[in-house]
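Chemist: Please read through the structure below; I'll follow up with questions.
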């Protein structure tokens, strides 16, 4: 891989992770701009290293890809908080996982797929948040109490 292509893929990962992270930062989430950007960059770097090692040897970049998925799961677990019956941070953990996937798409040079996936992650985190609020209000009306339900 040419150095310019390496840099371009890394910059694409940075832009995608940054876009997702900016949405999280604006919404005051624990894993915001820096975290999501660094996750996307890190995933991209690891996969780019594996791709660089592909020179006719027995190197398999899908093994690196699988380890990224597993490793990010541990990072995501660190942002999930349990408070009594409430669980918080699941969406943040899922977003970190998606940022790693965006970094992998960038590393593989799948730019159109990267753009669509980035937009979808941002859309889900913004538009679906409004749907969550609507469902919570509806649930409170059904309960007739106005008390917060577990797992909100």
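The values are calculated or read from the model by the stated rules, or taken from the named source; none is laboratory data. None of the values given here were measured: they were computed from a predicted structure. Every residue, glycine as well, gets a Cβ built from its backbone with ideal geometry; the counts of neighbours run over all protein chains shown.
Chemist: Does residue 49 satisfy the condition of being within 18 Å of residue 10 (Cα to Cα), in contact (Cβ under 8 Å) with a residue 40 or more places away in the chain and either in contact with a strand residue (DSSP E or B) (Cβ under 7 Å, 6 or more places away or on another chain) or not in a loop (DSSP other than H, G, I, E, B) (or both)?
Modeler: Numbers: within 18 Å of residue 10 (Cα to Cα): yes; in contact (Cβ under 8 Å) with a residue 40 or more places away in the chain: no; either in contact with a strand residue (DSSP E or B) (Cβ under 7 Å, 6 or more places away or on another chain) or not in a loop (DSSP other than H, G, I, E, B) (or both): yes.
No: the conditions fail for residue 49.
Chemist: Moving on to the next point. Output the number of the condition that residue 89 fails; it satisfies all remaining conditions of (1) more than 21 Å from residue 41 (Cβ to Cβ); (2) within 20 Å of the chain's Cα centre (by Cα); (3) without any contact (Cβ under 8 Å) to a residue 24 or more places away in the chain.
Modeler: Only one criterion in (1) more than 21 Å from residue 41 (Cβ to Cβ); (2) within 20 Å of the chain's Cα centre (by Cα); (3) without any contact (Cβ under 8 Å) to a residue 24 or more places away in the chain is unmet by residue 89, namely (3).
Chemist: How many residues are surrounded by fewer than 11 Cβ atoms within 10 Å (Cβ to Cβ) and modelled with pLDDT under 95 when one looks only at segment 104-127?
Modeler: Here the count works out to 1.
Chemist: Which pairs do you get when a residue that is touching a residue at least 24 places away in the same chain (Cβ under 8 Å) and at negative phi, found in segment 125-136, comes within reach of a residue that is surrounded by 11 or more Cβ atoms within 10 Å (Cβ to Cβ) and not in a helix (DSSP H, G or I), reach meaning Cβ atoms under 8 angstrom, with the pair 6+ apart or on two chains?
Modeler: 125/27; 129/27
Chemist: Those residues that are surrounded by fewer than 23 Cβ atoms within 10 Å (Cβ to Cβ) and within 11 Å of the chain's Cα centre (by Cα), I need them from segment 7-23; list them, please. Talk me through it step by step, then tell me what you get.
Modeler: Residues of segment 7-23 that are surrounded by fewer than 23 Cβ atoms within 10 Å (Cβ to Cβ), as a first pass: 7-8, 10-11, 14-15, 18-19, 22-23.
Scanning segment 7-23 gives 18, 19.
Chemist: Going residue by residue through segment 77-86, is there one that turns out to be surrounded by 12 or more Cβ atoms within 10 Å (Cβ to Cβ) and under 15 Å from residue 9 (Cβ atoms)?
Modeler: No, there is no match, as no residue in segment 77-86 is surrounded by 12 or more Cβ atoms within 10 Å (Cβ to Cβ) and under 15 Å from residue 9 (Cβ atoms).
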